[in-house]
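Contents: one structure, followed by commentary.
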Amino acid sequence: MSSIHAIVLTGGEGKRMGRIDKAQVRVGGVRLLDAVLDQLPGPEMLTVVSPRDKLDLPEGVRQVSEKPAFGGPVAGIAEAFDDTCRYTMVLPTDAPDAPALIAPMYHHLRAHEDADVVAIRDAEGVVQPLCSLWRTPALRAALDAVVAAHGGSRDAAAKELLANATVTIMEGTGEEADYDTLEELAERGEVRIPESEN
């Protein structure tokens, strides 16, 4: 594949998980963030968005945070944005199997030359803007449009990025499923909350 910058969003407040850092939750002994990072098929650039300072990331992984913290996914994407790579993949940390979709999304976008971005439609028929692969210049243009409309990126809805782009939809495989609660995560294995979050 041509060069891809993968942005993993893990800067949310985890409201539906009791305001814990969901990236640090372990499921079956594996930290949720690591489940995502370990499955990424070697992007040329990898950025994790988080305001927390104890993530213990692999060497070479860049960490940024929107300022002020907890500004929402668009603010996180804007902070992580880099135009080095031809494509930019956006992934949430609470969808640990989503990295498996990068290759098929890449081929789907290549087959739709007029599209700016491919986004996944999940089993419930919802298009997931945080599981998307962009042509990087188009993402820059979409971010600029949202910032212009809102006077900034903070608290802007991620779907507004798609509204400012030509989108092609790819049907999900189930690998795009995200986990919003500890009960949902428990379906994957034993859940352990970091001691600092207890």
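Here ALA165 meets the list (1) in a loop (DSSP other than H, G, I, E, B); (2) within 23 Å of ALA123 (Cβ to Cβ) almost entirely, failing just condition (2).
Looking at the range 89-135 only, could you name the residues that are among the β-branched types (Val, Ile, Thr) and open to solvent by 10 Å² or more (accessible area, probe 1.4 Å)?
Matches in the range 89-135: VAL126, VAL127.
For the range 66-83, the criterion of being more than 22 Å from VAL167 (Cα to Cα), of a type in the set (A, V, I, L, M, F, W, C) and surrounded by fewer than 23 Cβ atoms within 10 Å (Cβ to Cβ) is satisfied by at least one residue.
Could you tell me which of the residues ALA123, ALA95, ALA69, ALA142 is at pLDDT 95 or above and small (Gly, Ala, Ser)? Being at pLDDT 95 or above and small (Gly, Ala, Ser) holds for just one of ALA123, ALA95, ALA69, ALA142, which is ALA142. Just so you know, in the range 136-177 the residues that are open to solvent by 70 Å² or more (accessible area, probe 1.4 Å) and among the hydrophobic types (A, V, I, L, M, F, W, C) include one that is nearest to THR93 (Cα to Cα), and it is ALA163.
For ARG188, the conditions (1) outside any helix (DSSP H, G or I); (2) basic (Lys, Arg); (3) out of contact with any strand residue (DSSP E or B) (no Cβ under 6 Å at 6 or more places or on another chain) all hold with the exception of (3). Only a single item in (1) surrounded by 14 or more Cβ atoms within 10 Å (Cβ to Cβ); (2) over 11 Å from PRO96 (Cα atoms); (3) in contact with a helix residue (DSSP H, G or I) (Cβ under 7 Å, 6 or more places away or on another chain); (4) not aromatic (Phe, Trp, Tyr) is not met by PRO58, and it is number (1).
The values are calculated or read from the model by the stated rules, or taken from the named source; none is laboratory data. No experiment lies behind these values; they were computed from the predicted model shown. Quick reminder, even Gly has a Cβ in these numbers, built from the backbone with ideal geometry, and neighbours come from all protein chains shown. SASA here: full protein model, heavy atoms, side chains in, ligands and nucleic acids out. Shrake-Rupley method; radii C 1.70, N 1.55, O 1.52, S 1.80 Å.
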